[in-house]
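S.K.: Before I ask anything, let me first share the structure, which is written out below as structure tokens.
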């Protein structure tokens, strides 16, 4: 499997600046996670945006779609903020010949006990078994795009529709 | 997805005892990993053996097979030492109606930067996309039972056969 | 040594809320750090404030001083945000019969690779060797209150005066 | 403070080899711990032995003593296995003009939740407050050489004598 990774930002990539007393979205963590996990997956990684997903625009989503459409790889991983992950996944439906899996994290990858390594693992594993389509992997579950929402109160993703 | 987890021991579960200056296989870590990753997967966990996989016997493998055969769950995760994981996976072939995924770790789950959370995530994600059969998830790759070996020198799993 | 710990908040105690995409000062971490480090130090812990140290007031500092003055313990540890740690330390000078050591962290204790466990260790170790007075332990160095400042640009504490 | 660090090996430096299913003493971790903690302490580090402390010989201890005697630094940190740390500390008594502090760990520095960063912090902090002599910092407590033992059953150090 050759994997194309696109990163949009979000909690998974958040870092903390003591001098500003604030978090910001930092460099993409997916590559570090694969390296730390000794993954032998051949991959390329392209940072598309570095944004909290609430700030993503229609243009950002169109850019992501056009990049993936132009990419010869069958397997695509997108790391993304959790708030609008379901929306961006829907915006990628209908690209033929692709298994596209979204993931992200509820806790920054740089935190102890973050869900990020598990989630990226889950997405990479799912991609190898799934048929064409757009999917989300969060909370250990694989959802189809269009049939999932983030339950903000409960802090987890769940099936809908 | 309802997931049945069976644990055999191995590096993933290894702990260190300072008073003995030695390690031993400890309690199964798969449940802790799922909990830490905020996984919403419904699962049961049964510890079958607590062994370095070089010490597993034909009886241990027969016991694992009989437990899985008697288990109504379609999705099965087995955590296992890496040295004979491929062998045990082969011993489970031919059970109808099951997606059985093996994983483990090259570094104990209790180590910083262990591959265990990623690997368990990978196995859980793969299980949801794969068709019936027996598989191994290691190094971010999904292998079919009978077509994989551990390359001890390189410290990773690779396709064979 | 009986150690009285007072916590004021600050980066050391910061947590992240994915549903708010923001951090806040959370529960005091000093006790958890001592527990995780298998410290056999007898201690009490009292949370005085849960604030970013830029928001501490003269009243907060007066309250901290009065609590320590009324405390029979000789050894006192204060965890505190880094921005005004030096200022609060100065405000505690002149309490007789006390070894008061301030510490905190440049990276939240819940982050991988946080300086928090080292810093709390440093403060606890220093407290056992120092004579009466008020001190800061940051960046592995012990400073006297009134002779230290935070260099925000460099992200570290340094001697001054 | 200029700090001279000597490393003897022990649990603090243990690593795990999956291909051997064993732990061994690896590279000294004290320097990494100081770096990760953003310590601004000026230090040199010399690896003297890389041994489980049960295997240290009288020659190893004589070598350590001669190195420290020849070292102009006033502040010395020794990282050491826990089983015979108290014995080696005693073997260093009587070197004039030195504050020598031993530490180590009950859990390898590479483990999550290891006591190593806290312990090294404790030793570095203590060194700056203590007067001449040889000390042990373990479990958050500072002991004088000759007045401490490891309680193997309880897995901690305690005063004696």
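Please treat every number below as a calculation from the coordinates, not as lab data. Note that the coordinates shown come from a computational prediction; the quantities given were computed from them, not determined experimentally. Cβ placement follows ideal geometry from the backbone for every residue including glycine, while neighbour counts extend to all protein chains displayed.
S.K.: When only C-alpha pairs under 8 Å and at least 6 residues apart count, what is the relative contact order of chain D, in percent? Before the final figure, lay out the partial values.
M.R.: Details: 333 pairs, mean separation 38.2, N = 161.
About 24 percent, as a whole number.
S.K.: Something else now. Taking the Cα-to-Cβ direction at residue A:132 and at residue D:74 and moving 7 Å from each Cα, how far apart do the two end points lie in nm?
M.R.: A separation of 7.6 nm, rounded to one decimal place.
S.K.: Give me a single rounded figure for A:2-15: the average over its residues of other chain Cβ atoms within 10 Å of their Cβ.
M.R.: Numbers: counts 0, 1, 0, 0, 0, 0, 0, 0, 2, 4, 1, 0, 4, 2.
Averaged over the peptide's residues, the number is 1.
S.K.: Using just the alpha carbons, could you tell me how many Å³ per residue the convex hull of segment B:76-161 encloses?
M.R.: 84 Å³
S.K.: Per the Debye formula with a single identical scatterer at each Cα and no solvent contribution, what log10 I(q)/I(0) holds for segment A:23-72 at q = 0.13, 0.20, 0.32 Å⁻¹?
M.R.: Results for segment A:23-72 at q = 0.13, 0.20, 0.32 Å⁻¹ read -0.42, -0.87, -1.17.
S.K.: Something else now. Using only Cα atoms, tell me the angle between helix C:58-69 and the longest principal axis of chain C; keep it within 0 to 90° and round to the nearest 10.
M.R.: It works out to around 50 degrees.
S.K.: Taking neighbour counts of Cβ atoms within 10 Å as a proxy for exposure, in what order, fewest first, do B:137, A:122 appear? Show your work: numbers first, answer last.
M.R.: Working: B:137 30, A:122 33.
If I rank by nearby Cβ atoms, fewest first, I get B:137, A:122.
S.K.: Taking springs between alpha-carbon atoms closer than 10 angstrom, which of C:60, C:52, C:13 fluctuates most in the Gaussian network model of chain C?
M.R.: Between C:60, C:52, C:13, it is C:60 that shows the largest mean-square fluctuation.
S.K.: Would you mind checking the radius of gyration and Dmax of the protein assembly as shown based on alpha-carbon positions, in Å?
M.R.: 26.6, 79
S.K.: Please determine, in degrees from 0 to 90 and to the nearest 10, the orientation of helix C:116-129 with respect to the longest principal axis defined by the Cα atoms of chain C, where the helix direction is its Cα long axis.
M.R.: Taking the Cα atoms of chain C, the angle to C:116-129 is about 0 degrees.
S.K.: Give the calculated FRET efficiency between residue C:93 and residue D:46 to the nearest 0.05, with a Förster radius of 51 Å applied to their Cβ-Cβ distance.
M.R.: That pair, residue C:93 with residue D:46, gives E of 0.80.
S.K.: How far apart are the residue D:66 label points across copies, placing each 7 Å from Cα toward Cβ, in nm, shortest first?
M.R.: 6.4, 6.5, 7.3
S.K.: Taking the Cα centre of each part, how many Å lie between segment A:40-105 and segment C:1-77?
M.R.: Here the two parts' Cα centres lie 42 Å apart.
S.K.: Right, something else. Could you pull the Rg and Dmax for segment A:2-159, using just the Cα atoms, both in Å?
M.R.: Spelled out, the Cα radius of gyration and Dmax of segment A:2-159 are 14.4, 47 Å.
S.K.: Ok, one more. If you build a Gaussian network model of chain D, linking Cα atoms that sit under 10 Å apart, which residue out of D:64, D:20, D:106 swings the most?
M.R.: Largest GNM mean-square fluctuation: D:20.
S.K.: For label points placed 7 Å from Cα toward Cβ, what is the shortest-first list of nm distances from residue D:50 to its copies?
M.R.: 3.2, 3.8, 4.7
S.K.: Pick from A:17, A:102, A:143: which is most flexible by mean-square fluctuation in a GNM of chain A where alpha carbon atoms under 10 Å apart are linked?
M.R.: A:17
S.K.: Please report the antiparallel percentage of the DSSP beta bridges confined to segment A:22-150, to the nearest 5.
M.R.: On the way: 4 of 13 bridges.
The answer is about 30 percent antiparallel.
S.K.: Size of segment B:1-43 along its principal axes in angstrom, Cα-based, largest extent first?
M.R.: Principal extents (Cα only, largest first): 41, 20, 11 Å.
S.K.: A follow-up question, please. How far apart, in nm, are two points set 7 Å out from the Cα along the Cα-to-Cβ line at residue B:153 and at residue A:22?
M.R.: According to this spin-label approximation, the distance is 5.4 nm.
S.K.: What are the radius of gyration and Dmax of segment A:28-120, computed over its Cα atoms and given in Å?
M.R.: 13.3, 38
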